[in-house]
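The values are calculated or read from the model by the stated rules, or taken from the named source; none is laboratory data. What you see is a predicted model; the values in this text were computed from it and never measured. Positions of Cβ are backbone-derived with ideal geometry, glycine not excepted, and every protein chain shown enters the neighbour counts.
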């Protein structure tokens with residue numbers, strides 16, 4: 001999995017929302033719970049073990065810090081969401097973790113419009129898969145629709161001809177999803193498929 005490096009000059013400031021929303025394996029901290037080392041509102045992101053923080057934390061930078069194409073509307077302390085940009089098996093993935101105290105905020109403007117634009121054009125015209133993680137729910141934001149994939153096996157394919165678009169098919173099992181992914185890959189020259197389970 002490839003992570004991106006910051007190029008914006010932005011810094012966490014007093015924001016520590018990633019310390020609440022993200023899973024930190026080394027600290028056995030689940031998603032959507034505050035890290036016991038976080039002190040929100042303090043400098044350096046509010047981390048009391050900043051100098052000896054684990055590798056997961058050291059290597060992490062939210063999307064607002066990484067890309068100038070992500071506006072200041074997305075400063076996590078302001079929007080109550082954390083954007084993570086990663087490359088996973090050749091797909092650029094934009095994951096938005098939503099603070100459950102602000103459930104549904106991603107559907108409001110200007111955020112929803114921005115998500116749809118990312119799904120259509122990516123950031124700086126790159127291809128992105130945009131997904132929302134809101135407590136126990138996972139959604140894919142596609143240019144033409146939104147699809148809830150919570151707890152599902154699903155096949156994801158990206159067509160490059162005649163239109164550049166994502167397609168999602170839910171499956172009953174991982175084996176069924178893998179089989180369908182192979183069928184799609186065999187039939188569609190201008191598409192590739194992957195299987196995700198949430």
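Each residue in region 1-12 was checked for being in a loop (DSSP other than H, G, I, E, B) and modelled with pLDDT under 85, and 6 of them qualify. Can you name every residue in region 18-38 that is closer than 13 Å to residue 134 by Cα and crowded, with 20+ Cβ neighbours inside 10 Å? Those that are closer than 13 Å to residue 134 by Cα and crowded, with 20+ Cβ neighbours inside 10 Å: 20, 21, 22. If you go through region 17-57 and keep only what is modelled with pLDDT under 90 and assigned to a loop (DSSP other than H, G, I, E, B), you end up with 39, 40, 41, 42, 43, 48.
Looking only at strands (runs of 3 or more DSSP E) that lie completely in region 132-198, which have at least 1 residues being surrounded by 15 or more Cβ atoms within 10 Å (Cβ to Cβ) and either modelled with pLDDT under 85 or more than 17 Å from the chain's Cα centre (by Cα) (or both)?
On the way: elements: 137-141, 146-148, 153-159, 165-171, 191-197.
Counting at least 1 such residues, we get 153-159, 165-171, 191-197.
Here residue 15 clears all of (1) in contact with a helix residue (DSSP H, G or I) (Cβ under 9 Å, 6 or more places away or on another chain); (2) within 23 Å of residue 128 (Cα to Cα); (3) surrounded by fewer than 21 Cβ atoms within 10 Å (Cβ to Cβ) except the condition numbered (2). For region 73-83, the set of residues classified as assigned to a helix (DSSP H, G or I) and either surrounded by 18 or more Cβ atoms within 10 Å (Cβ to Cβ) or at pLDDT below 95 (or both) consists of 74, 76, 77, 79, listed by residue number. Within region 101-111, which residues are over 13 Å from the mean Cα position of the chain (by Cα) and either surrounded by 15 or more Cβ atoms within 10 Å (Cβ to Cβ) or within 14 Å of residue 85 (Cβ to Cβ) (or both)? Once the filter is applied, which keeps residues that are over 13 Å from the mean Cα position of the chain (by Cα) and either surrounded by 15 or more Cβ atoms within 10 Å (Cβ to Cβ) or within 14 Å of residue 85 (Cβ to Cβ) (or both), region 101-111 yields 105, 111. Every test in (1) part of a loop (DSSP other than H, G, I, E, B); (2) at pLDDT below 95 is passed by residue 86 save one, and that test is (1).
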